[in-house]
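Any read-out appearing in this document is the output of simple, stated calculations on the displayed coordinates, not a laboratory observation. All figures in this text were calculated on a predicted structure; none of them were measured in a lab. We place every Cβ from the backbone using ideal geometry, glycine too, and count neighbours over all the protein chains shown.
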Amino acid sequence: MNTLNTLLENNKNWAERIERETPGFFEELSTQQTPEYLWIGCADSRVPANQIVNLPPGEVFVHRNIANVVVHTDLNCLSVIQYAVEVLKVKHIIVCGHYGCGGVKASLGDPKNGLVDHWLRHIRDVYRFHAIELDAINDSENRENRLCELNVIEQVANVSNFTTVLNAWQAGQELSVHGWIYGLEDGRLKDLNVDLFAPKK
Ligand code: CO
């Protein structure tokens with residue numbers, strides 16, 4: 001209980017500080033949100049979207065799950081993307097993975113984690129698509145990290161295949177999809193340079 005009290009106390013101090021620095025901040029934000037970015041990232045506690053890119057509340061619409069997977073039948077993720085693109089009209093969708101991802105590592109081992117193993121099957125699929133490249137990497141950590149990168153690249157492709165995204169591009173809406181990866185050891189983001197924009201008409 002003490003821990004939770006600490007959190008509530010932290011919240012009080014945080015809200016007071018923001019209000020002191022920017023009077024009316026919360027009141028103004030409570031009436032609308034106009035984020036330009038949708039962040040699709042890993043649920044890992046070490047990869048908090050807003051903090052990494054140093055953006056305040058209201059600037060990033062966020063969806064996180066284990067190993068930042070975008071699955072064609074995941075109503076949760078689909079709904080987030082649809083709302084972000086069609087209603088909020090975000091301009092950028094960022095799929096952000098991270099090196100040392102526990103989900104990616106677990107997908108390489110024997111399934112023994114229960115329900116989550118089914119989720120991680122999607123990453124096993126990514127491995128299968130890139131088995132020749134990955135099997136040629138001798139160092140297991142390097143292989144895992146490359147799979148983390150390839151997983152982001154695959155999820156960028158999955159985002160770009162959603163009908164919501166295709167429809168937006170068809171309608172000429174400004175929207176691009178990006179793939180980034182975060183280093184737990186240095187706090188730095190790396191652009192994987194797999195940006196996708198609307199196809200030229
Ligand atoms: Co992760």
Amide H contacts of H98 (H built 1.01 Å from N, under 5 Å, at least 5 apart or other chain)
Y182
Using only alpha carbon pairs under 8 Å that are at least six residues apart, calculate the relative contact order of the range 1-126 and give it in whole percent.
25
If each residue of separation counts as 0.36 nm, what is the full-extension length gain between L184 and T73 once their alpha-carbon separation is subtracted?
37.0 nm
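In what order do E16, E59, E86 fall by count of nearby beta-carbon atoms within 10 Å, going from fewest to most?
Details: E16 10, E59 17, E86 13.
So the ranking, lowest neighbour count to highest, is E16, E86, E59.
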Would you work out which of A136, G179, N167 lies farthest towards the positive end of the dipole of the range 129-201? Charges go on Cβ: Lys and Arg +1, Asp and Glu -1.
N167
Nearest-0.05 FRET efficiency for N50 and S140, computed from C-beta distance (R0 45 Å):
0.85
On alpha carbon coordinates alone, what is the Rg over Rh value for the range 59-105, Rh being the Kirkwood radius?
1.00
Taking 2.2 N^0.38 Å as the expected size of a compact globular protein, what ratio does the Cα radius of gyration of the range 1-113 give against it, to two decimals?
1.29
Neighbouring Cβ atoms within 10 Å as the yardstick, rank E28, E154 fewest first.
E28, E154
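Taking the Cβ of each residue in C77, C101 as the centre, tally the other Cβ atoms inside 10 Å and list the residues starting with the fewest.
Numbers: C77 22, C101 26.
With the fewest neighbours first, C77, C101 line up as C77, C101.
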Long-range lysine pairs (8 or more apart or interchain), the chain, Cα under 20 Å:
5
